[in-house]
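Structure first, commentary second.
The values are calculated or read from the model by the stated rules, or taken from the named source; none is laboratory data. Because the structure is predicted, anything quoted here is derived from the model rather than measured. In this analysis, Cβ positions are derived from the backbone assuming ideal geometry, glycine residues included, and neighbour counts consider all displayed protein chains.
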Amino acid sequence: MRIVLLGAPGSGKGTQSQRLVQRFGIPQISTGDLLRSAVKRGTPLGIAAKDAMQAGKLVDDSIVLGMIRERLAQPDAAAGYILDGFPRNLAQANALDAMLTEVGQPLTAVVLMEVDNVELTRRIAGRRSCPNCGTVYNIYSMTLGSDLRCTNCAERPELVQRPDDNEETVVHRLRVYDEQTRPLVNYYRAKGLLRTINAQADVDAVTAALVSALSQPAEGRAAAKAKKKAKAKKKAATKAPAKRSAAKPKPKPKPKKKAAAKQRPAKGKAKKAKRAAKKKVAGKKVAKKKAAKKKAAKKKVSRRARPARHR
Ligand code: AP5
């Protein structure tokens, strides 16, 4: 599992990363924590990063990428990891892609944690952490009257506020997020890796949403799946009328030509009948003439044969 938690400062990336570490047994890789550690130790890298961090600006890409490359090569990252606060701009995202393609281990999911600016500011203002073990607290969720000391360490050190958690720097950090980090939302959506959760709820509800999102298909894929389903539905719908038309009542039979033909004989037939009738009449006339001729001849014969006295 190789996950990126994407979200504005104070959205709970660090808090939820800790919970995923417990759940999945993979390390959290926080560039913020790595940089803070370098600053604390006073390493050259820390010295180079300090000013940018305190101003709420992004530390130089070359510093961060060198640090990430080194961290990803450590054995505990072989089985997967949770990237918290990295990548933070398109150049870092492209460099990470190239790095992971090189080793054939691409990201498996990117989760965007959405929280509104009022809540982000409240959370950042209330954040306190243990200088010894690094446990993160928030004054707004601590038991009323508690003495702002770490409950995890035996010496119970007093909790401290991060130097960049002051009002002025927070405004700048939120602006930097909008301008440089938010474009990664579309970048990862286009890659079919993005899941979005409402991270405004309480810590347990956010963890549940996060774990559930990791088991769901990414937004691009979910959209592609839904599109495919809709296409299939449309196809089925266009086929259906064809089926219905098969079941349609048969069209009324056209009036029979034969009947009409009976009423109105065809031109050719009428002519034939007329000719036949004429022939019949002519034949009758001829027969009549013949009969008259015969009769006259008979009369002549009988007159000749009559005795003279009659004359
Ligand atoms: P970084 O340490 O990464 O800070 P960030 O991104 O600004 O994020 P935060 O640590 O402030 O917030 P978070 O989302 O982790 O919230 P958390 O869980 O602590 O970076 C610091 C600086 O380092 C940068 O400004 C930059 O200069 C530099 N840097 C780091 N990475 C870099 C990079 N890749 N490239 C260049 N520069 C880089 O929660 C916040 C508070 O809210 C806590 O008190 C917590 O208890 C509380 N809380 C958490 N969840 C909830 C909840 N659900 N309900 C109520 N309270 C909650």
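Could you pull out the residue among Ala201, Ala205 that is modelled with pLDDT of 95 or more and either at positive phi or part of a loop (DSSP other than H, G, I, E, B) (or both)? Write out each step before concluding.
Working: Ala205 fails: either at positive phi or part of a loop (DSSP other than H, G, I, E, B) (or both).
Every option except Ala201 fails the conditions.
Out of Asp51, Asp60, Asp76, Asp33, which single residue is of a type in the set (D, E, K, R) and more than 11 Å from the ligand (Cβ to nearest atom)? Give the steps one after another, and end with the answer.
Details: Asp51 fails: more than 11 Å from the ligand (Cβ to nearest atom); Asp60 fails: more than 11 Å from the ligand (Cβ to nearest atom); Asp33 fails: more than 11 Å from the ligand (Cβ to nearest atom).
Checking each option against the conditions leaves just Asp76.
Are there any strands (runs of 3 or more DSSP E) wholly within segment 13-128 with 1 or more residues that are more than 30 Å from the chain's Cα centre (by Cα), and if so which? Show your work before the answer.
Working: elements: 28-30, 81-84, 109-114.
Fully inside segment 13-128 and qualifying: 28-30.
Looking at Asn132, is it under 19 Å from Asp33 (Cβ atoms) and either in a loop (DSSP other than H, G, I, E, B) or out of contact with any strand residue (DSSP E or B) (no Cβ under 6 Å at 6 or more places or on another chain) (or both)? Talk me through it step by step, then tell me what you get.
Numbers: under 19 Å from Asp33 (Cβ atoms): yes; either in a loop (DSSP other than H, G, I, E, B) or out of contact with any strand residue (DSSP E or B) (no Cβ under 6 Å at 6 or more places or on another chain) (or both): yes.
When the stated conditions are applied, Asn132 passes them.
Only one of Val118, Val170, Val176, Val206 is over 19 Å from Gln54 (Cβ atoms) and surrounded by 14 or more Cβ atoms within 10 Å (Cβ to Cβ); which?
On the way: Val118 fails: surrounded by 14 or more Cβ atoms within 10 Å (Cβ to Cβ); Val170 fails: over 19 Å from Gln54 (Cβ atoms); Val176 fails: over 19 Å from Gln54 (Cβ atoms).
When all the criteria are applied, what remains is Val206.
Say whether the condition of being surrounded by 20 or more Cβ atoms within 10 Å (Cβ to Cβ) and in contact with a strand residue (DSSP E or B) (Cβ under 7 Å, 6 or more places away or on another chain) is met by at least one residue in segment 17-26. Steps first, answer last, please.
Taking segment 17-26 as the starting set, the residues that turn out to be surrounded by 20 or more Cβ atoms within 10 Å (Cβ to Cβ) are 17, 20.
Adding the requirement that they be in contact with a strand residue (DSSP E or B) (Cβ under 7 Å, 6 or more places away or on another chain) leaves 17, 20.
Taking every residue of segment 17-26 in turn, at least one turns out to be surrounded by 20 or more Cβ atoms within 10 Å (Cβ to Cβ) and in contact with a strand residue (DSSP E or B) (Cβ under 7 Å, 6 or more places away or on another chain).
Among the numbered criteria (1) over 19 Å from Thr181 (Cα atoms); (2) modelled with pLDDT of 95 or more, which single criterion is violated by Leu45?
Condition not satisfied by Leu45: (2).
Just name the residue that is surrounded by the most Cβ atoms within 10 Å (Cβ to Cβ) out of those in segment 124-152 that are within 13 Å of the ligand (Cβ to nearest atom), closer than 20 Å to Ser30 by Cα and without any contact (Cβ under 8 Å) to a residue 24 or more places away in the chain.
The qualifying residue surrounded by the most Cβ atoms within 10 Å (Cβ to Cβ) is Tyr137.
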